[in-house]
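The values are calculated or read from the model by the stated rules, or taken from the named source; none is laboratory data. Remember, it's a predicted structure, so these values are computed and weren't measured experimentally. As a convention, Cβ positions derive from the backbone with ideal geometry for all residues, glycine included, and neighbour counts pool all protein chains shown.
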Amino acid sequence: DDAIRLFLENRQGTHVQELTPEDFVRYGRDLKVAVEQNQFFIRYQPQINIATGRPHAVEALIRWRHPEHGVIAPAQFIPAAEITGEIIPITQWLLHTVCEDIAQLREQGREIIASANISGAYFTQLDLVTSALNATKSAGIPPRFLELELTETVFIENINDLKKTLIELAKAGFSIALDDFGSGFMGFSYLSDLPVHKLKIDGSFVRHMLNDTKSAAIVKSLIIAGQSIGLGVVAEGIENAQQVEVLKTLGCNMGQGFLYSEALDFDALSTWLSAPENRPEGLPKAAWGIH
Ligand code: C2E
Ligand code: MG
Ligand code: MG
Ligand code: MG
């Protein structure tokens, strides 16, 4: 129990604040069955080009339909899955399902990139390049339609092997996004040396931006720094028009949040994308020169 408490404390600020040690143990036990019985599903949240209002990508967000406790958010079970090892089959299922969904959208004439969140526990145990290539190949889609989101903490913990893997991923044609940017401590000089295409600014900064000058200053410097090294910058957690106005003046080009759309199940996403004003934009050109 002490180990769990310590683990949770170390994960403060990475979405697990609401997770109690009791949940952690309980869900950890049920995860094996959840994998066997495939109790997971995906919702997709559009990422919007702020200037045009149209989507250029969607982010896959996993949920667990627990037979007794109902739908459980990823922050409540991903940490346990990382410890029990179930994160491996979960991520493999995720990659395959996301790629099948991209393929199906393409058949419907809706070409759009989808991103998958990859946990550090997966990344350090399995060859992500091979996993991602298997998934795109079996779904019959080019790798450029799959984006991989990694959090800044992953980079900090495994800084040595990581660069090599990222270069391989980028060479294979995958797009790479750095998630929750600003919540860790990565220096920009280090970042400029990695084949990352996108920075995603953590929603907590965006949420506090309008009434907290420090959050506003952080958002501003993240946008300027990201763009100065040629990266796309996505602001997460946009909930109102006032935030959009501020982000626009700061030069942020992409946004994601409830203001634009909540995360949608596949059929709802397909319908949403079919509206003329939500027609996906062409694939953005890779910002990093490795392609
Ligand atoms: P994230 O990747 O930073 O995802 C953004 C989270 O912000 C999502 O929560 C999304 O539903 C939420 N969000 C989006 N717009 C708004 C908004 O306007 N206001 C507010 N308050 N929230 C907004 P969700 O789906 O609960 O996911 C939480 C985290 O769990 C994700 O953070 C990601 O780190 C992780 N996660 C999600 N799916 C997966 C997965 O398939 N694998 C792994 N390893 N982690 C995942
Ligand atoms: Mg993400
Ligand atoms: Mg994020
Ligand atoms: Mg976040």
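Please verify whether region 94-117 includes one or more residues that are in contact with a Phe, Trp or Tyr (Cβ under 7 Å, 6 or more places away or on another chain), farther than 30 Å from VAL244 by Cβ and surrounded by fewer than 19 Cβ atoms within 10 Å (Cβ to Cβ). Looking through region 94-117, none of the residues is in contact with a Phe, Trp or Tyr (Cβ under 7 Å, 6 or more places away or on another chain), farther than 30 Å from VAL244 by Cβ and surrounded by fewer than 19 Cβ atoms within 10 Å (Cβ to Cβ).
Hey, any hits in region 216-227 for a residue that's at positive phi and within 16 Å of ligand 1 (Cβ to nearest atom)? For region 216-227, residues at positive phi and within 16 Å of ligand 1 (Cβ to nearest atom): absent. Among the residues of region 237-247, at least one is touching a Ser or Thr at 6+ places or on another chain (Cβ under 9 Å) and within 15 Å of ligand 3 (Cβ to nearest atom).
Close contacts from region 168-179, counting a first residue that is at negative phi and in contact (Cβ under 8 Å) with a residue 60 or more places away in the chain and a second that is of a type in the set (Lys, Arg) and surrounded by 23 or more Cβ atoms within 10 Å (Cβ to Cβ), with Cβ to Cβ under 8 Å and a gap of 6+ residues or different chains, come to SER175/LYS198; ALA177/LYS198; ALA177/LYS200; ASP179/LYS200. Taken as a whole, region 203-220 holds no residue that is closer than 27 Å to LEU169 by Cβ and either more than 16 Å from ligand 2 (Cβ to nearest atom) or part of a loop (DSSP other than H, G, I, E, B) (or both).
Taking region 25-51 as the range and being among the basic types (Lys, Arg), more than 16 Å from ligand 2 (Cβ to nearest atom) and closer than 29 Å to TRP272 by Cβ as the test, no residue passes. Scanning region 227-253 for residues that are among the small types (Gly, Ala, Ser) and more than 16 Å from ligand 2 (Cβ to nearest atom), we see that the one that is farthest from ILE48 (Cα to Cα) is SER228. Considering region 159-196, and only residues there that are part of a strand (DSSP E or B) and modelled with pLDDT of 90 or more, the residue that is nearest to ARG144 (Cα to Cα) turns out to be SER175.
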